[in-house]
2 protein chains.
Amino acid sequence: MNFNTEFVNKLRISGLRPTKQRIKICEILFNREKTFHFTINDLSKMISEKLNEKISLATIYNTIHAFKKKGYLKEISINSDKSYFDTNTSIHHHFYDEDTNQLIDCNEDDINEVKINNNLTGKKINSVEVLIKVASDNQNQN
Amino acid sequence: MNFNTEFVNKLRISGLRPTKQRIKICEILFNREKTFHFTINDLSKMISEKLNEKISLATIYNTIHAFKKKGYLKEISINSDKSYFDTNTSIHHHFYDEDTNQLIDCNEDDINEVKINNNLTGKKINSVEVLIKVASDNQNQN
DNA sequence: ATACTTATTATAATAATTCTAAACTATTGA
DNA sequence: TCAATAGTTTAGAATTATTATAATAAGTAT
């Protein structure tokens, strides 16, 4: 069986040409059970480890941004040194482990519903993100 | 009346030497009624506009980080291209206007209380931040 | 004042990201 | 099928935000 067909079709449907590079990146990102959180650097490393061919950094950036634009990825704002991306594009929130720099999905029962009263005239809400920063419970308070 | 005395004392109490540069930055940041949201670049521009003397970028970064460490500023995570700082260090949340790149404080009645059920063993919650991204209500969707 | 410690500065270094322009590849339609 | 075209990839340069360095300057305690 050929996994690629699925991604080829999805890419084509989205108006993105199914190139070798995009298909490879799809396989890495979307052939998995669980949500995947990654930085461009993470992804870049995985590509060079798992693939024989290389994909240039510029292409990785282009592809990730194209996927984000099409709604297949969400970008998560953490401390402003890096961008994190999330294959789970549904509305959900995150824990961020400051010790390990890892993002963890927040389940529905981890947080109550966040309701916003939008008073800003002429503005609509595009997203609501909750970020819960956690760290080890030891007393090493910096 | 000499505004400086106040900041000189506060700096000294915090274990920070009250230097000319730090006092100037205090005046810009804390001599105001309302919360102030800014980037390093914003602040840097304000300094060169309002002051005769210049303060080097490195000093601005050092000072802002020192103030943050002492709890006089909060850092806010937006899209990862820039760091935003906030003179309001209480627990509160933000609207971010994607048209103007401006942060707006969320009042208590704009949002319900966010309650977290922390299941992560050995981890304690350091912060909970809600960021509500808004944009103009026109149909210019990108 | 003197010695000591800490801060400031210009500059270089780093890191993430975007830009550029040439080479390449998928698609279209004759 | 094959050339024309439109979209992609690529290496490398450029940009931007931020941090590091190491010399100079300025507070502070004695």
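The values are calculated or read from the model by the stated rules, or taken from the named source; none is laboratory data. A quick note: this is a predicted structure, and the numbers were derived from the prediction, not measured. Here the Cβ is made from the backbone with ideal geometry for all residues, glycine too, and neighbour counts use every protein chain on show. Accessible surface is based on the protein model in full, side chains and every heavy atom, while ligands, DNA and RNA are left aside. Shrake-Rupley method; radii C 1.70, N 1.55, O 1.52, S 1.80 Å.
Could you pull out the residue among B:Lys10, B:Lys54, B:Lys34 that is open to solvent by 60 Å² or more (accessible area, probe 1.4 Å) and touching a Cys at 6+ places or on another chain (Cβ under 9 Å)?
B:Lys10
Suppose we filter B:Thr63, B:Thr19 for residues that are near DNA strand C (Cβ under 10 Å from one of its atoms) and either over 17 Å from the mean Cα position of the chain (by Cα) or within 30 Å of B:Asn112 (Cα to Cα) (or both); which single one remains?
B:Thr19
Specify the residue that is farthest from the other protein chains (Cβ to nearest Cβ); the eligible residues are those in region B:67-85 that are assigned to a helix (DSSP H, G or I) and either surrounded by fewer than 19 Cβ atoms within 10 Å (Cβ to Cβ) or away from DNA strand C (no atom under 16 Å from the Cβ) (or both). Give the steps one after another, and end with the answer.
The initial filter retains those residues of region B:67-85 that are assigned to a helix (DSSP H, G or I), namely B:67-69.
Filter once more, so that each one left must be either surrounded by fewer than 19 Cβ atoms within 10 Å (Cβ to Cβ) or away from DNA strand C (no atom under 16 Å from the Cβ) (or both): B:68-69.
Working: B:Lys68: 11, B:Lys69: 8 Å.
Filtering first and then ranking leaves B:Lys68.
Can you pull out the residues in region A:102-131 that are more than 7 Å from chain B (Cβ to nearest Cβ) and within 22 Å of A:Lys82 (Cβ to Cβ)?
A:Gln102, A:Leu103, A:Ile104, A:Asp105, A:Cys106
So which of B:Asn88, B:Asn118, B:Asn138 is more than 16 Å from DNA strand D (Cβ to nearest atom), assigned to a loop (DSSP other than H, G, I, E, B), open to solvent by less than 40 Å² (accessible area, probe 1.4 Å) and not aliphatic (A, V, I, L, M)?
Details: B:Asn118 fails: open to solvent by less than 40 Å² (accessible area, probe 1.4 Å); B:Asn138 fails: open to solvent by less than 40 Å² (accessible area, probe 1.4 Å).
Checking each option against the conditions leaves just B:Asn88.
From the set of residues in region B:41-51 that are surrounded by fewer than 17 Cβ atoms within 10 Å (Cβ to Cβ) and within 13 Å of DNA strand C (Cβ to nearest atom), which is modelled with the lowest pLDDT?
Step one: filter region B:41-51 for residues surrounded by fewer than 17 Cβ atoms within 10 Å (Cβ to Cβ), giving B:41-42, B:45-46, B:48-51.
With within 13 Å of DNA strand C (Cβ to nearest atom) added as a condition, the list becomes B:48, B:51.
Numbers: B:Ser48: 92, B:Leu51: 81.
Across region B:41-51, the extreme among qualifying residues is B:Leu51.
Can you report the number of residues in region A:1-24 which are free of Cβ contacts under 8 Å to residues at least 40 places away in the same chain, within 20 Å of A:Asn88 (Cβ to Cβ) and within 16 Å of DNA strand D (Cβ to nearest atom)?
Total meeting the criteria: 3.
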